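Notes to accompany the following structure.
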Amino acid sequence: MTATTPQDSRTEATRLLCAGTYLDIEFRRQVVEELVEHEERPIAPSLGVDVVPVLAHALRARRQDALTALMLLVLWAAFIGIEVGTADEVPLPKWSGIYALVSFAQWSAAASAGRGSSVYVVDKRTLREAMKGNVRKLVPAVPAVLAIGYWLYALYSLATGGNNWIGIVFPLLLVLPVWAHRRRVADVMGNELSREAFLLAPRAEPTTAYHQRIARAIDREQYAGMAIYDAGRPFIGMGKPYEPWSFALELRRRGDADASDDGAPFTGRTVVDLVRPRLEALRQGAAATSRDRLKDLEIEEFVYLPVGPPRPRLDYADTTVTRHVAEAVDEGGEARRYFLRVRVGAWDEQVVVSVLVRVHTQGGMLVLEVVPHILTPIRTEFRSVDVIAARGQDDPLRDGLRALLSGPAAGFAAAVSTVRAGVSGFRTWLAEPQRALPDGPAKSVRELGGAETVSLFQEMDISRYVKTVQDRIASGVRDALRSQGYETDQFEQQIVQISEGGVFIGSMSGGAVAAGAGAKAKNMTKDGGS
């Protein structure tokens, strides 16, 4: 479909998100909802992720669930029908009813334990670990206990003379579609999504014409230097804000400024052109002296545009993006907003630090806005792809036993997935999203797959990256002021206050302000007293 492979199609974050579509139905549903059900929305910027393979695997996983659910439906119909038809007394589906309750209870227990709601669920915790602590930690063991309890009861009933062959034969038959599903998922994990295979396998893409059209739109948008946004949902795709700050500074000429300085206009472009070389020098210095991720620091001029024309009419050509950037960098407008975007993809793109910088100089003022954002690592449970890939296809007996124990919950999960897929398809057909009113992105695939927290090591790296980039930004702005003959004392004082976690107010009467951990504020009098 595409002539070239996108830059982030082989990243670890892309691989784990692709695997997550098989391991978490809710994540898969959100991916399809945002990208397919809301086709009218351009996607959010993709930082370290190629979204098209994630969509392709989400659609494939949904089809596999539907196939499994269809096979299970046929077997359930035969299970209930034969049990009712062969009953000697009142035709009540006893065994099928018990097994249905076990299926629902097992699925509910697995979902409530945070193990996801997929046909193929991998729990890293062992039964021994689950039994440590309070009763709540026993919940992950409930699915296996319920399955074992059912089989013990069924075998006991058969051994004591009960005519319950239906309660044994059909549950065994119901395991077969689940087993086949697990084998298909294991094949995808081992041959396409393992660490080694993912680097060599062809890029996964949707197969239907309808979804290929959406994929082509994603490819146009995900790495463009321009993004559409809704005013109520800015910065979708960038992650969580990380201590943003800004200040306004009155531009005052130095007493010793040369007269020649008056002829050079001082604009946002002037500042950006002095900030950018310092960031590039930071990247080059890191590359020459260390393996620090700052050596891969990305610097890009980026523009946000408000919702306007329908998605198919949006022009992402390089010439159009360049024109928007050139016009927006100095206008300081409310709707079209220019930013210098500095990005560091650390921990194999698991932690992404983006620092957005905006400068404007209208009305004799310098306004600097610095907005850092953090994308957290991909959820830990998606790393189960490596467990599944390592198991491979070489032990069908052990995998069959796992299917036997997880079969009831897996069957219910397949039914839930298929019902949701049917509702999604009907809702999409009914709404005709390609004809809906234009809108900005509401969710980011990368953010949907992110964890809630970061480790202490990652937090230390995030702080270091943000502070280092902000220092280079500050030095660039200071040099821009000096080169144009403006005073820098007030600017330097504000930067010192911000770097120490406080907020400096340049002109204030009768009070003081401070913010941040450990920040202090003092109201200074003219004679230096407090």
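The values are calculated or read from the model by the stated rules, or taken from the named source; none is laboratory data. Being a predicted model, the structure only gives us computed values, none of them experimental. Don't worry about glycine lacking a Cβ; one is built from the backbone with ideal geometry, like all the others, and counts go over all protein chains shown.
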Is at least one residue of segment 343-352 of a type in the set (A, V, I, L, M) and touching a Pro at 6+ places or on another chain (Cβ under 9 Å)? yes
Kindly provide the set of residues from segment 196-231 that are in contact with a helix residue (DSSP H, G or I) (Cβ under 7 Å, 6 or more places away or on another chain) and among the charged types (D, E, K, R), ordered by number. Arg203, Glu205, Asp219
Among helices (runs of 4 or more DSSP H) completely within segment 146-229, the ones holding 1 or more residues that are at pLDDT below 90 and either of a type in the set (Val, Ile, Thr) or within 22 Å of Arg41 (Cα to Cα) (or both) are 166-191
Checking Gln362 against (1) at pLDDT below 90; (2) over 19 Å from Ala58 (Cβ atoms); (3) not assigned by TED's automatic domain parsing to the domain that holds Thr322, which single condition isn't satisfied? (3)
Taking segment 416-456 and keeping only residues that are of a type in the set (Gly, Ala, Ser), more than 30 Å from Val353 (Cα to Cα) and under 24 Å from the mean Cα position of the chain (by Cα), one is left with Ser417, Ala421, Ser424, Gly425
Being closer than 16 Å to Ala44 by Cα and in contact with a strand residue (DSSP E or B) (Cβ under 7 Å, 6 or more places away or on another chain) narrows it down to one of Leu356, Leu340, Leu368, so name that one. Leu356
Long-range neighbours under 7 Å by Cβ, at least six apart or interchain, first residue in a loop (DSSP other than H, G, I, E, B) within segment 49-75, second polar (S, T, N, Q): Val49/Thr11; Val49/Thr14; Asp50/Ser9; Asp50/Thr14
Yes/no for Leu59 being touching a helix residue (DSSP H, G or I) at 6+ places or on another chain (Cβ under 9 Å), more than 30 Å from Met226 (Cβ to Cβ) and at pLDDT 80 or above: no
Flag for Glu33 being at pLDDT 90 or above, in contact with an Asp or Glu (Cβ under 9 Å, 6 or more places away or on another chain) and surrounded by fewer than 22 Cβ atoms within 10 Å (Cβ to Cβ): no
Say whether the condition of being touching a helix residue (DSSP H, G or I) at 6+ places or on another chain (Cβ under 8 Å), modelled with pLDDT of 90 or more and surrounded by 19 or more Cβ atoms within 10 Å (Cβ to Cβ) is met by at least one residue in segment 433-441. yes
Could you list, in sequence order, all residues of segment 263-291 that are in contact (Cβ under 8 Å) with a residue 24 or more places away in the chain and within 29 Å of the chain's Cα centre (by Cα)? Arg276, Leu279, Leu282
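Here is a yes/no grid of residues against (1) within 27 Å of Arg184 (Cβ to Cβ); (2) aromatic (Phe, Trp, Tyr); (3) out of contact with any strand residue (DSSP E or B) (no Cβ under 6 Å at 6 or more places or on another chain); (4) outside the structural domain of Gly476 (by TED's automatic domain parsing):
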{"residue": "Asp386", "(1), (2), (3), (4)": "yes, no, yes, yes"}
{"residue": "Leu397", "(1), (2), (3), (4)": "yes, no, yes, yes"}
{"residue": "Gly407", "(1), (2), (3), (4)": "yes, no, yes, yes"}
{"residue": "Gly411", "(1), (2), (3), (4)": "yes, no, yes, yes"}
{"residue": "Trp429", "(1), (2), (3), (4)": "no, yes, yes, yes"}
{"residue": "Glu432", "(1), (2), (3), (4)": "no, no, yes, yes"}
{"residue": "Arg435", "(1), (2), (3), (4)": "no, no, yes, yes"}
{"residue": "Met460", "(1), (2), (3), (4)": "no, no, yes, no"}
Of Glu89, Glu129, Glu83, which residue is assigned to a helix (DSSP H, G or I), at pLDDT below 65 and of a type in the set (Asp, Glu)? Glu129
If I ask for residues that are buried (at least 19 other Cβ atoms within 10 Å of the Cβ) and either free of Cβ contacts under 8 Å to residues at least 12 places away in the same chain or farther than 20 Å from Gly48 by Cα (or both), which ones from segment 230-248 would you list? Phe247
Which condition breaks for Gly308 when tested against (1) under 26 Å from the mean Cα position of the chain (by Cα); (2) more than 17 Å from Arg472 (Cβ to Cβ); (3) modelled with pLDDT of 90 or more? (3)
Determine which member of the set Glu349, Glu334 is over 18 Å from Ala224 (Cβ atoms), loosely packed, with under 14 Cβ neighbours inside 10 Å and among the acidic types (Asp, Glu). Glu334
Among residues of segment 55-70, those that are within 18 Å of the chain's Cα centre (by Cα) and more than 18 Å from Glu37 (Cβ to Cβ), counted: 0
Can you name the residue in segment 376-414 that is of a type in the set (S, T, N, Q) and buried (at least 17 other Cβ atoms within 10 Å of the Cβ) and is also modelled with the highest pLDDT among such residues? Thr376
Show the residue pairs that are 6+ apart or on different chains and have beta-carbon atoms under 6 Å apart, the first residue being within segment 325-348 and more than 24 Å from Pro265 (Cα to Cα), the second being part of a loop (DSSP other than H, G, I, E, B). Val344/Leu297; Gly345/Gly48
